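Contents: one structure, followed by commentary.
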Amino acid sequence: MVQNQRANISFLQKRRRITSFLIIVLFFGISFNKITNRSLMNNNAEGISFNVEGIPIAEITIPIDLVFTGYEENYIDMAMMSNSLSESVYYIGIDSVWNDVTHKYDSLLDLNITLEYNFHFTTPSYESTLDTFIDTNSWNGTTSALNTTQLNLQESTGERMSIFYEQEGRAIDGEALEQYLVTNPGYSAPKPSYAIYLLNQSRFDTSDHSFEHWFEIDEEDPDSNVTADWWRLEWDNDLNPNVEFPYPCWGFQNRVFFVDPFSHQWYTKWTDIWWNSDFYEGDFDYLTADLDTYLGNNITGSSEYITHLNTYLIDYLNDIVIDVGGRGDGLLYNEREVSAQILFINNETAHGYSQEDLEWIYHEEVVEDAFEYVVPNEVATISLEDKWVELTENLELNQILNDRTLGFEDIGTYPWYNPNWTYLDGVNIFYDFQNVAENYFNMSKGDAIFTSWVILLQNVSMVAWSYGAYREYTGLGGVGNVVCYKDLNRYFASDGTTPRSGLSTLLIHEIGHVLGFAHSEITNDAIEGAGGFMSDVMSYYTIGAPDFSIFLKDSLYRTSSFVNFFRNKPVIDAYREDALHNTTILAELDQVVSDGETALAAMNYIDAFLAFRSLYKLTSNLERISLSKSSSLKLILPVMILIPIMAFIFKMKSRKRRL
């Protein structure tokens, strides 16, 4: 299965002709159309045409403050940092159009983001006060650590195993720390920016790693109100009870992201094994070892120590700076009224769970709250409505699912294959459902519509080919459509009755893809996985977080601002060249553009978007004005021509009379 190349397609652009690279899968990474300069990533963009002469390029500079606290300034090689950190990120086709000949999307607009760094070192007094705050807002406890031997064995054999063990250490309240850094930045910023703090709390750790430190973030499933204590497959909880989620870095809705490379975590160690092929495992040290382990026996202050320290930090930062400030995902055009319709497809006859038994899995207010943050009413209104149908009473949907059931001959190489389990071809079901959407949804409601199908079946998984093997996934989202395949066993604890994990977060994640969002990690193959530690529903690591972060919200309106401006620019340029243009109207247009540019520079991205979106109305008036002028000119021009002719004839007649 080709990784998604067009995550940033607005849900308005509901095209019937879609290809597999448009589908975004929950627990399936995407290869975004991004090329970074001096970074770890250079993905292809086979799903989109580029290097086409004349494609406009939007340009923006994003300021990022890198704040070192707890580091010896003379150990940080500023020349090495400046020469090695990513300078820019280039996105191909943030706006595009389908080409019927090439069967690809032709880019209409590319985006180049320049990353501007400012380096800061906090004072000893600030660091002392910060340590005191952390001491007050931390406690001794335990968290989970990864048994990599067991995980490697599980990956190779398909046998479910216990892959976690208990780690002792110091838990630091991550949310309290974020608020402290917002209130007490420890440096002076001359203009709005993203702040990335590099912390060092290694004072808590022992040399043998028997005692570590990490950041604690409480996560609760918004439907069941159960604190998340499982990883990925809820039915494995009996093998892996009480899983905990240590964070080495974190950020949410304040344009602040903190990183402690000395802290304990297991997530990117897991992704390195689970998502990467064996050939690429262990390629990036910052993902598989904390900083004190990486530095090993290097003598503090030696040239080897300084080189290794800076290499590690640069790799870490080149991951984070793109996920935080170098994003180019998300896309809105001129939508005002959005209708989000959800169809629950239950099969009570087969599994015994009635609609009443399952209504707890979805809370409309949770979904509304999440989208009111990322798409506030001043931008658009998103109305939600849902209905339930029984699969046994619907022959069409039942036939689609039967036709798209995969057998051993289809996925025989899948190491987890269970003959007593049903495997669905999720991608083709996505297409099939989309083709019959008119039979189940009101497709004329609102000026933008997207549809969501929730399949409620038991002992069923959706599989797709990715990362060199068949894997199980729980949802697909993109181009105006969402399908959720989460097996009923995953909603409940192992007793089959106690609520465990609902639908709302999954649904918000998939609708986020419809809005054009990539994952918070940008990719999910452990190449740039550290972004998964931000608190965002688009992350693979955050189990219970139903909300979007400021980093994705900013990207949505920053990217959409450019798209909306460049969509209107040809009309404005043509009007400017029109000799009969109205200077007052042109000045109004220029002021709107100037207001948008000012808002972009101030990182007021919603204001910028609203300014540039208003151009649609103004330019539509321009077309009428131009037409009116053209019509008037058609009436005036014959008169203008006729007047000198008549004058000439009159003059000739007068001359004849004089003769």
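Read-outs: derived from the displayed coordinates by stated rules, not from any lab. Just so you know, these numbers come straight off a predicted model, no measurement behind them. FYI the Cβ positions are ideal-geometry reconstructions off the backbone, even for glycines, and counts take in every protein chain you see.
Output the peptides 341-349, 573-581, 484-492 sorted from most to least packed, where packing is the average of other Cβ atoms within 10 Å over each peptide's residues.
Per-residue mean Cβ counts within 10 Å order the peptides as 484-492, 341-349, 573-581.
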* To do: Under 1.5 on a/c is rounded, so check that first for region 95-227, then, if it is not, pick prolate when a/b is larger than b/c and oblate when it is not; a ≥ b ≥ c are the square roots of the alpha carbon gyration tensor eigenvalues.
  => oblate
* Structure fact -> With a Förster distance of 25 angstrom and the Cβ-Cβ distance between Asn459 and Thr497, calculated FRET efficiency to the nearest 0.05 equals 0.90
* Asked: For region 418-427, in order, what is each residue's ³J(HN,Hα) by Karplus, 6.51 cos²θ - 1.76 cosθ + 1.60 with θ = phi - 60°, in whole Hz (x at glycine and Pro)?
  -> 10, x, 8, 10, 9, 10, 10, 7, x, 5
* Please label the shape of region 203-319 as rounded, prolate or oblate, based on the square roots a ≥ b ≥ c of the eigenvalues of the alpha-carbon gyration tensor (a/c under 1.5 means rounded; beyond that, a/b larger than b/c means prolate, else oblate). => prolate
* Given the pairs Lys445/Lys553; Lys191/Lys445; Lys104/Lys191, which span a C-alpha to C-alpha distance of over 32 angstrom in this model? -> Lys191/Lys445; Lys104/Lys191
* Can you figure out the FRET efficiency of His103 with Ala469, using R₀ = 45 Å and their beta-carbon distance, to the nearest 0.05? => 0.95
* Asked: Given region 334-482, what percent of its DSSP beta bridges are antiparallel, to the nearest 5?
  -> 25 percent
* So what J values fall out for region 202-209 if you push phi through Karplus, 6.51 cos²θ - 1.76 cosθ + 1.60 with θ = phi - 60°, rounded to Hz, Gly and Pro as x? -> 5, 4, 7, 8, 9, 5, 8, 6
* **Ranked by how many other beta carbons lie within 10 Å on average, peptides 265-271, 253-259 from highest** => 265-271, 253-259
* To do: Mind giving me the nanometre distance, one decimal, between the label points for Arg232 and Glu220, set 7 Å out from Cα along Cα→Cβ?
  => 2.8 nm
* Asked: Cα centroids of region 473-550 and region 80-111: how far apart, whole angstrom?
  -> 26 Å
* Structure fact -> If each part is reduced to its alpha-carbon centroid, region 359-428 and region 306-341 end up apart, in Å, by 27 Å
* Asked: Quick one: if the Förster radius is 56 Å, what FRET efficiency do Met81 and Glu409 give, using the C-beta to C-beta distance and rounding to 0.05?
  -> 0.55
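Under the classification rounded if a/c is under 1.5, otherwise prolate if a/b is larger than b/c and oblate if not, where does region 533-578 fall, given a ≥ b ≥ c as square roots of the Cα gyration tensor eigenvalues?
Judged from the Cα gyration tensor, region 533-578 comes out prolate (a/c at least 1.5, a/b above b/c).
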* In whole angstrom, how long is each semi-axis of the equivalent ellipsoid of region 462-535, when you take the square root of 5 times every eigenvalue of its Cα gyration tensor and sort them from largest down? -> 23, 16, 15
* Counting other Cβ atoms within 10 Å, which GluC sites (Glu not before Pro) in region 126-185 have at most 13 and lie in a DSSP loop? -> Glu159
* What's the extension gain from Glu155 to Glu304 if we count 0.36 nm per residue and subtract their Cα-Cα distance? -> 50.1 nm
* Tell me, in nm to one decimal, what length is gained between Thr598 and Glu356 on full extension, where the rule is 0.36 nm per residue of separation less the Cα-Cα distance? -> 81.9 nm
* Mind ordering 419-425, 113-119 by average Cβ neighbours within 10 Å, highest first? -> 113-119, 419-425
* What does the charge dipole of region 396-554 about its Cα centre add up to, to the nearest 20 debye, if the Cβ of each Lys and Arg holds +1 and the Cβ of each Asp and Glu holds -1? -> 300 debye
* What list of ³J(HN,Hα) values in whole Hz, one per residue of region 114-120 in order, does the Karplus curve 6.51 cos²θ - 1.76 cosθ + 1.60 (θ = phi - 60°) give from phi, with Gly and Pro shown as x? -> 9, 9, 10, 9, 10, 9, 9
